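Let me begin by presenting the structure, written as structure tokens, before commenting on it.
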Amino acid sequence: MTSPKRAGARFMLAFLALILALGPLSPSGKAAASPWASLPDRLTVDQGGLLVLALPGPIPGLQARLFDRAWPVHAHRGKSVLLIPASYHLAPGTYTLTLRAPGHEQTVAVEVQARDFPVQALVVPPSTEQLARPADTANQQRQAREAQEVAAARSRSASAPLWEGPFIWPVEGRITSEFGLIRMVNGVPNGRHSGLDIAAPTGTPVRAAGSGVVVLAAHHLTTGKTIIIDHGWDLSTSYLHLSEIHVAPGEHVTQGQVIGLVGSTGFATGPHLHWTANVSGVFIDPRLLLADLLDL
């Protein structure tokens, strides 16, 4: 049986941390005043990866734009920190990160590198297929309503990080479906796989990968019994297909706390945990959370 920890080690290159904690040293040995001096000309990140940037600051009025959208800037330990995910939908190529503050603008080239996402073909009975692609109007409306509930839950995030140190695996088991793979169900494309499937026996305890606040705990059509935890800074993790939910919305949970049990509710071919990580509405490889994002 493959350990998720061993499998995760192969993908850590998708995570890029650019640490600009002090900036270059002046001849006197003191840090240079400009927070921009150490910005490189080019950064590299894989599809499904994460850029973590920390500039000395805080820098009043700092704005960041990349991938045709603005990204929040967080104040942390005297720095201006950005968490910028690179979606698996992004085409490989070079993009421009624009950083603006009153009286200053600087650009950095960001190269998004291709990652090999395999195709997974599933053959399931019609009753199971209907949980992912319902044909009846009532379940179509339910699916749309539940998608709105998930989006609303992820839109509520603490302004400060609620986690500390690296995240942990929420369950021990065997990875059966990789992050980002292209899924076919009964010969029809069914989107991308947003997280990792970790197979484990029904009833296996599922633990919070990091500390945070429960923003959703509900039984949904496709994802079954579902929990979403907000960790602050628009970072959340989700735990899907549970057999039991042991927490409630608004509850503060600590890393390692049992929040539910492995199951096969919703669209599932067997007992497993589907674990996702989401930053500002973009899915990233959950393995990246096993690094210390706040070790700046």
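The values are calculated or read from the model by the stated rules, or taken from the named source; none is laboratory data. What you see is a predicted model; the values in this text were computed from it and never measured. Every residue, glycine as well, gets a Cβ built from its backbone with ideal geometry; the counts of neighbours run over all protein chains shown. We work out accessible area using only protein heavy atoms, side chains counted, and drop any ligands, DNA or RNA first. Shrake-Rupley method; radii C 1.70, N 1.55, O 1.52, S 1.80 Å.
Summary table below
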read-out	value
Span from the segment 244-277 Cα centroid across to the segment 35-104 one, whole angstrom	32
Positive dipole terminus of the chain, leading residue within S38, I284, F167 (C-beta point charges)	S38
Computed Kirkwood radius, in angstrom, where 1/r is averaged over Cα pairs of segment 118-218	16.5
Percent accessible area from carbon and sulfur atoms, the chain, protein chains only, probe 1.4 Å	54
Nearest-20 debye value, the chain charge dipole, Cβ charges on Lys, Arg, Asp, Glu	200
Charge dipole of segment 94-245 about the Cα centre (unit charges at C-beta), most positive-ward option of A209, P126, A151	P126
Alpha-carbon Rg/Rh ratio, for segment 214-262, with Rh computed the Kirkwood way	0.94
By accessible area with a 1.4 Å probe, ligands and nucleic acids excluded, highest first: order of S38, S236, S155	S155, S38, S236
Size of electric dipole in segment 75-184: Cβ of Lys, Arg +1 and of Asp, Glu -1, about Cα centre, debye, nearest 20	260
Rounded to 5, percent antiparallel among DSSP beta bridges of the chain	80
In nm, spacing of pseudo-spin labels at V123 and T137 (7 Å Cα→C-beta vector)	3.5
In segment 49-130, the trypsin sites (Lys or Arg not before Pro) that fall in loop regions by DSSP, at most 14 other Cβ within 10 Å	R77
Cα long-axis angle, helix 137-155 against the chain (0 to 90 degrees, to the nearest 10)	30
Net charge over other residues, Cβ less than 15 angstrom from the Cβ of Y88 (K, R count +1; D, E count -1)	0
Solvent-accessible surface ranking, highest first, for Y95, Y239 at 1.4 angstrom	Y95, Y239
Residue-averaged [θ]222 nm for the chain, counting only DSSP H segments that reach four residues, each worth -39500 (n - 2.57)	-3000 deg cm²/dmol
Amide H contacts of S177 (H built 1.01 Å from N, under 5 Å, at least 5 apart or other chain)	D197
Accessible area of T176 in the full protein assembly, 1.4 Å probe (Å², nearest 10)	60
Trypsin sites (Lys or Arg not before Pro) lying in DSSP loop within segment 124-176, provided at most 16 other Cβ fall within 10 Å	R156
Potential lengthening between R192 and T254 on full extension [0.36 nm per residue; Cα-Cα distance subtracted]	19.3 nm
Accessible area of segment 197-240 divided out per residue, in Å², using a probe of 1.4 angstrom	22
Vicinal HN-Hα couplings computed from phi for segment 164-177 (Karplus, 6.51 cos²θ - 1.76 cosθ + 1.60; Hz; Gly/Pro x)	9, x, x, 6, 10, 5, x, 7, 8, x, 10, 6, 10, 9
Projected-area average for the chain over all orientations - Cα convex hull basis, square nanometres	16.3
